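The values are calculated or read from the model by the stated rules, or taken from the named source; none is laboratory data. Because the structure is predicted, anything quoted here is derived from the model rather than measured. Note that each Cβ is placed from the backbone with ideal geometry, even for glycine, and that neighbours are counted across all protein chains shown. Keep in mind that these areas ignore ligands, DNA and RNA; they rest on the heavy atoms of the full protein, side chains included. Shrake-Rupley method; radii C 1.70, N 1.55, O 1.52, S 1.80 Å.
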Amino acid sequence: MKHHGGGRRRYGRLIAARGGQGGEARPGPAAPSAGGGYTEGESDGRLSTAPPADYLSTFALDVDTASYGYARRTLADGELPDPATVRPEEFVNSFRQHYREPAGDGFSVTVDGARTSDPDWALVRVGLATRSANQGADTGGGEAGRPPAALTFVVDVSGSMAEPGRLDLVRSSMNLMTERLRGDDSVAVVTFSGKARTRLPMTRVEGNRERIHEVVDALTTADSTNVEAGVTRGYDVAVKAVRPGATNRVVLLSDALANTGATSADAILKRISSARTEHGITLFGVGVGSEYNDAFMERLADRGDGHTADVSDVEGARKVFCDDLPAQVQLRARDAKAQVAFDPQAVERFRLIGYDNRRVADEDFRDDSVDGGEVGSGHTVTALYAVRLRPGAAGHLATATVRWLDPRTRVAHEESGRVEAAALWRDLWTEAPPRLQVTAVAAYFASALRERDGGWERLPGALPLGTLAGHADRVAGRTEDPDVRRLAQAVSQAGRLTG
């Protein structure tokens, strides 16, 4: 059985004393402890001393993007997002990076970086990529060679989903997904409002696409939101119909505004966790609606070893249900963790940007009983570090290693990449590759939104939002990427709202 604590073990104080990844690196000499080591930071995981000698940073991989989607929609509505909902790694991972794909079923590792506008600091980007799915010719365009999927859709049909266009978006999303599935995949549909109902038992897609569409098209809203009833019924259906050798997943579509039954995530987590450990059923949480409860959904997905995404329009629905979910059905890696080792001869201190609830103790990197992240085909994972170099730093700077288990055999594998100090001398905004600049814009944007709660220290090299929007607009033109164009618009909106 895996070790859990809110989905993954958290090591705030341990990490603060072991490598600076627990939050903000603060300048100042290290104070020796009674044992001759370094003092620990505060209980929230912030580093209050210079970094210790091991210079390691370890975290579970994360491919969630819901936080960015929620922030962008909130800004479009003329409001600033709650700083507590801003998770910088989800902003960073919302954009295509075009990392080199591996030849096999594991990961490629790309490490690069550039100098920030603060000459003492650089950004180091660690990029991990899995191989894209092989496209098959079967009905629905499914991927050839992957295991079949058994998907249980748990759909919120409560009164809050009656907001104009919200349930319509759910229906169109599910219909899109139905057309993407292979004939040997299976689908079940559970709905919930005040009570939960099974609208479709687990049904093979082959010969039943029209029946699935009819069930989806018939969905209508009712009254209150009993998330507990919906999740419990959904997992009961999924466990009863679990398919050995298949990818068994619950897909929860909801605004997560629970007001009936157990309204806290804690009352639901036990069911989700037991289904994951006993039957390998994972959770994909899709948040919909302008008042979507991001924190609630993120906790559910974290305990269910799954992911979250935000859907606010048809374009977003197409990305989630035609790209993201099919890729997650074809897993490339289970319990994937990354560890970055910085060279103390070149690095004075460092700070991992985000991944607050994905931290793993350094000594647990190769402990395969400690939970990591699940990564599907064609996915990239990016981690960004702020790094203060020593004067005259040269030679080796850092080595990044990813460790994962083969989804079928559970055999462990590792892959590494490294970067030299010389690679960081180029200027971030004038010489770095466009996709690295996109990553930087996303990270600085998230940092600016987080700063408002008073508990997040500004990133080195941070720029006013107006200047950052200019960089985003310029790189959007270079990449011709509409997602980057929308990022530039969101940064501009935030700049206007903050004055």
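Numbers below:
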item	result
Pair-distance profile P(r), taking every C-alpha pair of the stretch 196-256, with 10 angstrom steps and integer %	17, 48, 31, 3
Cut-off under 5 Å, modelled amide H: who pairs with GLY376 long-range	ARG332
Computed Kirkwood radius, in angstrom, where 1/r is averaged over Cα pairs of the stretch 326-404	14.3
Carbon + sulfur, % of accessible area of the stretch 380-499 - ligands and nucleic acids excluded, 1.4 Å	49
Fraction of accessible area attributable to carbon and sulfur, the stretch 61-118 (%, probe 1.4 Å)	45
In Hz, Karplus ³J(HN,Hα) per residue of the stretch 214-219 (6.51, -1.76, 1.60; θ = phi - 60°; x = Gly, Pro)	4, 5, 5, 5, 8, 5
Prolate/oblate/rounded call for the stretch 457-499, Cα gyration tensor, a/c under 1.5 rounded	oblate
Prolate/oblate/rounded call for the stretch 422-499, Cα gyration tensor, a/c under 1.5 rounded	oblate
Spin-label pair ASP118/ARG243, simplified geometry with 7 Å Cα→Cβ offset, distance in nm	5.1
Under 15 Å from LYS240, Cα to Cα: aspartates and glutamates that are on another chain or at least 8 residues apart	GLU278
Neighbour net charge for VAL189 - beta-carbon separation under 13 angstrom, K R +1, D E -1	+2
The stretch 290-432: Cα Rg divided by the 2.2 N^0.38 Å rule of thumb	1.25
Whole-number accessible area per residue in Å² for the stretch 77-225, which is evaluated in the context of all protein chains at 1.4 Å	38
Low-density loop positions, chymotrypsin sites (Phe, Trp or Tyr not before Pro), the stretch 418-499 - DSSP coil, at most 11 other Cβ in 10 Å	none
Approximate shape of the stretch 378-444 as ellipsoid semi-axes (Cα gyration tensor, √5λ), whole Å, largest first	28, 18, 9
Kirkwood Rh in Å, taken over all unlike Cα pairs in the stretch 72-132	14.6
Relative intensity, log₁₀ I(q)/I(0), of the stretch 51-205 from a Debye sum that treats every alpha carbon as a point, q = 0.10, 0.21 Å⁻¹	-0.63, -1.39
Quotient of Cα Rg and 2.2 N^0.38 Å for the stretch 343-499, N being how many residues it contains	1.20
D (Stokes-Einstein, µm²/s), Kirkwood Cα radius, the stretch 146-211, 1.306 mPa s at 10 °C	125
